[in-house]
Amino acid sequence: LIDSPKFIKPIVRRLEELVGVDFIFLTHRDDVADASQFADHFRAKRIIDRRELDSQPDAEIILECDDPTTFAKDFMVIPTPGHSKGHCCLLFAKRILFTGDHLYWNREQQQLDAFRDYCWHSWEVQRNSMRKLTQFSFEWILPGHGQRVRFPASTMVEQMAHLVERM
């Protein structure tokens, strides 16, 4: 589970029908909702950056990295501070980037975008984090808020470069 919705029966039932939940990756402090309840119910381990720990003080796995780090087979944690101090993205199989509140597809403008109005830590730091993401290859952006998008990896690189220029 990436970030945490409210703990409501239809969601819980659907997760049980699928495969359950072993890990809950929390991209940052303000999208933790009912992560503790999901962790208790599924006996899952919550993963969060140390700088966000006060939002989940009893999390089971604490990340302490400033550089991209392989977390498990096909999973890379990419620290992307800006929205919050310890915001992190999660890259799966070099194809799917779970972006939390860092990055999304702006349907109206038909371009990648960042939530400047909801940048709680530092816009300059977020811009630097966005620049860091241009080093990675991926096809999908799955945000916590906003529209998801898929492009060929080469187009995504172009889209990311344009976003960094605009920021």
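The values are calculated or read from the model by the stated rules, or taken from the named source; none is laboratory data. Model, not experiment: these values are computed from the prediction. We place every Cβ from the backbone using ideal geometry, glycine too, and count neighbours over all the protein chains shown. Remember, those area values only see protein heavy atoms, side chains included, never the ligands or the DNA or RNA. Shrake-Rupley method; radii C 1.70, N 1.55, O 1.52, S 1.80 Å.
Of note:
- Angle in degrees between helix 123-133 and the longest Cα principal axis of the chain, rounded to the nearest 10: 90
- For Phe151, net neighbour charge (Lys/Arg +1, Asp/Glu -1) across residues whose Cβ lies under 10 Å away: -1
- Net charge contributed by nearby residues that have their C-beta within less than 12 Å of Ser55 (K/R +1, D/E -1): -2
- In the chain, lysine pairs with alpha-carbon atoms under 19 angstrom apart (chain gap of 8 or more, or interchain): 5
- Of all DSSP beta bridges confined to the chain, the antiparallel ones make up roughly 60%.
- Order of exposure, largest accessible area first, which applies to Ser84, Ser36, Ser154 with probe 1.4 Å: Ser154, Ser36, Ser84
- Whole-number percent relative contact order across the chain, with pairs defined as alpha carbons under 8 Å at least 6 apart: 16
- Percent of Cα-Cα distances greater than 18 Å, calculated over the range 69-157: 38
- Longest to shortest principal axis, alpha-carbon extents of the range 116-167, angstrom: 31, 21, 16
- The chain - mean residue ellipticity at 222 nm from DSSP helices (-39,500 (n - 2.57) per run, n ≥ 4, rounded to 500): -7500 deg cm²/dmol
- Annotation for Glu165 and Asp74: the two label points, set 7 Å from Cα along the Cα-Cβ direction, are 3.5 nm apart.
- Accessible area in square angstrom per residue, the range 19-142, 1.4 angstrom probe: 50
- Full-extension gain in nm, Glu124 to Glu108, via 0.36 nm per residue minus C-alpha separation: 3.3 nm
- Atom-type composition of the exposed protein surface of the range 19-167 places 48 percent of the accessible area on carbon and sulfur (1.4 angstrom probe).
- Tensor-based shape of the range 39-85 (alpha-carbon gyration tensor, a/c under 1.5 rounded, otherwise prolate or oblate): oblate
- The range 1-81: relative contact order in percent, alpha carbon pairs under 8 Å with at least 6 residues between: 23
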